[in-house]
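*Asks:* There's a structure below that I have some questions on.
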Amino acid sequence: MTTVSLSELTQLARDTLAASGANASMATLTANALVFADAQGIATHGVSRVPSYAQHLSSGRADGNAEPNIVQEKASAILVDAGTGLAFPACELAIASAIKKAKQTGICIAGVTNSHHFGMAAYHLEPVAQENLIGLAFSNSPSAIPAWGGKRPLFGTNPIAAAFPRIQSAPVMIDLSLSQVARGKVILAARDNKPIPDGWALDSEGKPTNDAKAALKGSMQAVGGVKGAMLAMMVEVLCVALTGASFGFEADPLYDDVGNKPRLGQVFILIDPEALAGQQTYFDRFESLIEAMLEDNGVRLPGARRHDLAKIATSEGVDVPDSLLMQMGYQAA
């Protein structure tokens, strides 16, 4: 492991992506998002993704020259086409447009189609919470979870996130995938030839496995069993049927260097509390809930640990595996 400053890591990720064909905006926005995840301790969605993204750019699975554009728009809805590029420019456009619309109408749903892996879901909601809006984020992903009772991976791990602003404190940020763990953890275990714990995954025969590589050929176990599988189906419908994107079973795995363009879908829902009981009522009621939660010793607010880690990372940097740094051409000063 080598400790690298956030600024240095961002530059390294940006340069690697640009060298693989990403335009300046795509490389910058992607690097910013990935390093944000590393700073918050989410290495599975950090710069560990750079080699895969770079390979997708080089092989044509992602278009480095894509420029996102708005293809459908109404008073409280917008659809952005990512043009099969990396997801972050399209998501930024969707969020910026949705913030304006939600402030005007009280609510906005923003969809992104023909997209790619969108990283840490909560990342996209940071600017939403800064505007004192509530935000929800959803994305589908290549198939990993079977429909309940089946063996065939059909739904993605389909991350969901929520951001709830507070008046004088950091927002409460909830971010989770609908598998027992994020598939990125299995990918890292397979890369490092490490076993995975019981309950994470099934092999191609539908049997529990501790072999990460066998898990990647099989399926992930849904969180909460049948309930998680149903939630994953809901996300597929929201992110695909509404946007025209590809279902998880139509997209080749993101950990494969060669394959089709994933054409994933994302949906963001933004709500202005002022449009309902009012902003002050929202803040008062929300703080009452938080106070009740924190009366119980041991309760930690969602996102609090990640927020604390980001503060430390800002001053101290983050530890990055040397093998990953070598893949990105890192040279120590």
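*Asks:* Take every DSSP beta bridge whose two residues both sit in the stretch 18-139, then give the antiparallel share in percent to the nearest 5.
*Replies:* 50 percent
*Asks:* Which shape class, rounded, prolate or oblate, goes with the stretch 254-314 when its Cα gyration tensor gives a ≥ b ≥ c as root eigenvalues, a/c under 1.5 marks rounded, and past that a/b bigger than b/c marks prolate?
*Replies:* Because a/c hits 1.5 or more and a/b fails to exceed b/c, the stretch 254-314 counts as oblate.
*Asks:* Quick check: the distance between the Cα centres of the stretch 9-74 and the stretch 303-333, to the nearest angstrom?
*Replies:* Here the answer is 17 Å between Cα centres.
*Asks:* In percent, what relative contact order does the chain have, based on Cα pairs under 8 Å that are 6 or more apart in sequence?
*Replies:* Result for the chain is 22 percent.
*Asks:* Tell me, what is the FRET efficiency for residue 249 and residue 211 to the nearest 0.05, using R0 = 35 angstrom and their Cβ-Cβ distance as r?
*Replies:* Using R0 = 35 Å, I get an efficiency of 0.95.
*Asks:* OK, next. Highest mean first, how do 9-22, 174-187 rank when packing is the count of other Cβ atoms within 10 Å averaged over residues?
*Replies:* 174-187, 9-22
*Asks:* Which of the peptides 27-34, 137-144 is most tightly packed, and how do the rest follow, going by the mean number of other Cβ atoms within 10 Å of each residue?
*Replies:* 137-144, 27-34
*Asks:* Sticking to Cα atoms, compute the Rg of the stretch 105-217 to one decimal and its Dmax as the biggest Cα-Cα distance, whole number, in Å.
*Replies:* Spelled out, the Cα radius of gyration and Dmax of the stretch 105-217 are 16.9, 51 Å.
*Asks:* Let me ask something else about it. Compute the Cα gyration tensor for the stretch 1-140, then decide on rounded, prolate or oblate, letting a ≥ b ≥ c be the square roots of its eigenvalues: rounded whenever a/c is under 1.5, prolate when a/b is larger than b/c in the other cases, and oblate in all that remain.
*Replies:* Verdict is oblate for the stretch 1-140.
*Asks:* Going 7 Å from the Cα of residue 104 toward and past its Cβ, which residues in the stretch 57-96 have a backbone nitrogen under 16 Å from where you end up?
*Replies:* Within reach of a label on residue 104: 70-80, 94-96.
*Asks:* Let me ask another. Only Cα pairs under 8 Å and at least 6 apart count here; give the relative contact order of the stretch 227-324 as a rounded whole percent.
*Replies:* 15 percent
*Asks:* What order do you get for 116, 307 when you list them from fewest to most C-beta neighbours inside 10 Å?
*Replies:* Fewest-to-most Cβ neighbours within 10 Å comes out as 307, 116.
*Asks:* Then there is this: What number, in percent, do you get for the relative contact order of the stretch 114-181 if the mean sequence gap of Cα pairs under 8 Å and at least 6 apart is divided by its residue count?
*Replies:* Relative contact order comes out at 30 percent.
*Asks:* I've got another one for you. Per q in 0.18, 0.23, 0.24 Å⁻¹, report the Debye log10 I(q)/I(0) for the stretch 199-238, using one uniform scatterer on each alpha carbon and no solvent.
*Replies:* Treating every Cα as an identical point scatterer, log10 I(q)/I(0) equals -0.52, -0.72, -0.75.
*Asks:* Where does the chain land at 222 nm, in deg cm²/dmol rounded to the nearest 500, when only DSSP H runs of n ≥ 4 count, each adding -39500 (n - 2.57), divided by all residues?
*Replies:* It comes out at -11500 deg cm²/dmol, rounded to the nearest 500.
*Asks:* Report the full-extension gain for the segment residue 293 to residue 126: residue separation times 0.36 nm, less the Cα-Cα distance, to one decimal in nm.
*Replies:* Using 0.36 nm per residue and subtracting the Cα-Cα distance, I get 57.8 nm.
*Asks:* Mind grabbing the base-10 log of I(q)/I(0) for the stretch 177-216 at q = 0.22 Å⁻¹? Debye formula, identical points on the C-alpha positions, no solvent, two decimal places.
*Replies:* The computed values of log10 I(q)/I(0) come out as -0.59.
*Asks:* Quick one: if the Förster radius is 22 Å, what FRET efficiency do residue 168 and residue 285 give, using the C-beta to C-beta distance and rounding to 0.05?
*Replies:* 0.90
*Asks:* What is the order of 49, 263, fewest Cβ neighbours within 10 Å to most?
*Replies:* If I rank by nearby Cβ atoms, fewest first, I get 263, 49.
*Asks:* Could you please state, rounded to a whole Å, how far the C-alpha centre of the stretch 247-271 is from the C-alpha centre of the stretch 144-175?
*Replies:* So the two Cα centres are separated by 15 Å.
*Asks:* To one decimal place, what Kirkwood hydrodynamic radius in Å is obtained for the chain from all pairs of distinct Cα atoms?
*Replies:* About 20.3 Å for the chain.
Taken together, the values in this text are just the output of simple stated rules run on the coordinates, not laboratory data. Computed from a predicted model, the values in this text were never measured in an experiment. Note that each Cβ is placed from the backbone with ideal geometry, even for glycine, and that neighbours are counted across all protein chains shown.
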